[in-house]
Every structure is written in structure tokens, then in C-alpha cells.
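J.: To start, I am sharing the structure in question, which I have written as C-alpha cells.
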2 protein chains.
Amino acid sequence: MKSLLLVAHGSRRQASNDEVRELTRRLAARAQQDYAFVDCGFLELAEPSIPEGIQRCIDAGSREVVVLPYFLSAGRHVAEDIPAEVEIKQQEYPGVSIRIAPYLGSDEGVLDTLLHCATP
Amino acid sequence: MKSLLLVAHGSRRQASNDEVRELTRRLAARAQQDYAFVDCGFLELAEPSIPEGIQRCIDAGSREVVVLPYFLSAGRHVAEDIPAEVEIKQQEYPGVSIRIAPYLGSDEGVLDTLLHCATP
């Protein structure tokens, strides 16, 4: 059983965190064929944390977790901080496969979405 | 003649700013049928600024500029700071149409792109 964990930075502004939670609900509806459980986690400033989010996936029965960084650039958060948070749970659960997917901004699909935004 | 200005936050990390500039080049190649000129601008920490970016569009001959926020959430930057920067140039050039497009994170296309990222 496979889970998807959307990982965002987290914000002091609650509406931004709620925007991520709402996106997660829409993602869950779209991803339900491939992922039995979809949730979100935050690097900082909001809850659940990334390790807590991974724990929720495991508690839901997952042996496979895909961590999906909702980030636009390949900065320290994507390159170091997210892998470090994931590693905490990977060490705790060596039998669970936890994979970090490419971050949003690395995907060519962003170009199509930007062009769609630009079109009146 | 129409221009497209991709507007990003800007980062202390130069590689992140270069990532935006590289995305702008790919966007220009994809958007050339609709936009004769495509450039980027940064809210802070990198150059050109948003007013400077709009000026480049006007200097290139544009009477119509679409400002496209490369942002994931509808925070203060999207709601207040970008409009305030745009307003500076709008007042200076009342004859130029400057429109702010919806921000990236508001578009449903982000869901498709996220699902594409998650797929191995």
C-alpha cells in the first residue's frame, strides 16, 4: 500500500498552510488510483512535520511512501533539509520504502501551467 | 507588441536566481508565438527588479505587459508587494497595459505536474 506525502515549506501565515492542505485534498482525489493515502507535511512553521507526516502514512498501513517536494527551486531545503527529515524515519523504519520525488519546479509541466496562467 | 515578465521572489542563493533565468529562457522559447519579448524580474535579492523588468519590456517596444507571478501561495507578496511594484510603472506609463496574471500555485495544472513528479 502506497502513500503520497506532499511536502511544503510552511508559513507563519495560516492561510498559506491551509492552501497546501486544500491542494492536498485535491491531489488525493486525483491520485487515489495510485495512492491509497495522501497527506501533507511541513518543513517548518506548520504541522504536521515531515517525520510526523511519514508516520501518518506508515500508521495508515503504507510500506511505500513517496515524498513530493512542493518547492520551486533546488535550494538547501530540497537538497539537504528534506532528505535529513526523511532520513530520521527511514532509520526508524528500514523496512519501509521512502522515496523523494523530483521537486515541482524541476518538472517541464511547470512551463505549461505558467503559460496557462498567462492566458486571459 | 506583447511581453511576458516572469516574477519570482529572488534568493540569496545565486543558483536559485539562475534557475529562474533558465526557466525564463525555456518559457520564451515556448511562448514566442504570443509574446515577442519574455524576461524575468525579482521582488528582492536579485536583479532586475520588477519595475526594471517592466521597463525592459517597454524598451523592447511593448504596449502590453503580462506579469506572471512564479509563486506557490497567495501570500502578501502576491496580494500586495507585486501589485505595488507594478503600480510604480503603471503610473509612469499610463498608456501601457500592465496585467498581473494568476500566480502559478492557483492553477489546476499544478496538480498534473505534481502527479508527474511523483511518477517514477
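The values are calculated or read from the model by the stated rules, or taken from the named source; none is laboratory data. Computed from a predicted model, the values in this text were never measured in an experiment. Neighbour counts run over all protein chains shown; Cβ positions are idealised from the backbone, glycine included. Remember, those area values only see protein heavy atoms, side chains included, never the ligands or the DNA or RNA. Shrake-Rupley method; radii C 1.70, N 1.55, O 1.52, S 1.80 Å.
J.: Tell me which residues, restricted to the stretch B:1-31, are touching a strand residue (DSSP E or B) at 6+ places or on another chain (Cβ under 8 Å) and open to solvent by 50 Å² or more (accessible area, probe 1.4 Å).
T.: Of everything in the stretch B:1-31, those that are touching a strand residue (DSSP E or B) at 6+ places or on another chain (Cβ under 8 Å) and open to solvent by 50 Å² or more (accessible area, probe 1.4 Å) turn out to be B:MET1, B:LYS2, B:HIS9, B:ARG21.
J.: Can you work out which of the residues in the stretch A:33-54 that are away from chain B (no Cβ under 11 Å) and assigned to a loop (DSSP other than H, G, I, E, B) is most open to solvent (accessible area, probe 1.4 Å)?
T.: A:GLU47
J.: Please indicate, with yes or no, whether at least one residue in the stretch A:99-112 is in contact with a strand residue (DSSP E or B) (Cβ under 8 Å, 6 or more places away or on another chain), away from chain B (no Cβ under 13 Å), over 30 Å from B:GLU64 (Cβ atoms) and surrounded by 21 or more Cβ atoms within 10 Å (Cβ to Cβ).
T.: The answer is no, given that none of the residues of the stretch A:99-112 is in contact with a strand residue (DSSP E or B) (Cβ under 8 Å, 6 or more places away or on another chain), away from chain B (no Cβ under 13 Å), over 30 Å from B:GLU64 (Cβ atoms) and surrounded by 21 or more Cβ atoms within 10 Å (Cβ to Cβ).
Here is a yes/no grid of residues against (1) among the polar types (S, T, N, Q); (2) more than 10 Å from the chain's Cα centre (by Cα):
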{"position": "A:LEU45", "(1), (2)": "no, yes"}
{"position": "A:PRO48", "(1), (2)": "no, yes"}
{"position": "A:PRO51", "(1), (2)": "no, yes"}
{"position": "A:GLN55", "(1), (2)": "yes, yes"}
{"position": "A:GLY61", "(1), (2)": "no, yes"}
{"position": "A:LEU68", "(1), (2)": "no, no"}
{"position": "A:VAL78", "(1), (2)": "no, yes"}
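J.: Now for a different question. Quick check on my filter: what residues within the stretch B:3-48 are at pLDDT 95 or above, out of contact with any helix residue (DSSP H, G or I) (no Cβ under 7 Å at 6 or more places or on another chain) and of a type in the set (Gly, Ala, Ser)?
T.: Correct list: B:ALA28, B:ALA29, B:ALA36.
J.: Sticking with this one: Taking the condition of being under 13 Å from the mean Cα position of the chain (by Cα) and not small (Gly, Ala, Ser), how many residues in the stretch A:93-113 meet it?
T.: Of the residues in that region, 6 qualify.
J.: Pick from the stretch B:55-77 the residues that are open to solvent by 10 Å² or more (accessible area, probe 1.4 Å) and among the hydrophobic types (A, V, I, L, M, F, W, C): which of them is nearest to B:TYR93 (Cα to Cα)?
T.: Only one residue tops the list, namely B:ILE58.
J.: Take the conditions hydroxyl-bearing (Ser, Thr, Tyr), closer than 20 Å to A:TYR103 by Cβ and part of a strand (DSSP E or B) and apply them to A:SER3. Does it pass?
T.: Spelling it out, A:SER3 is indeed hydroxyl-bearing (Ser, Thr, Tyr), closer than 20 Å to A:TYR103 by Cβ and part of a strand (DSSP E or B).
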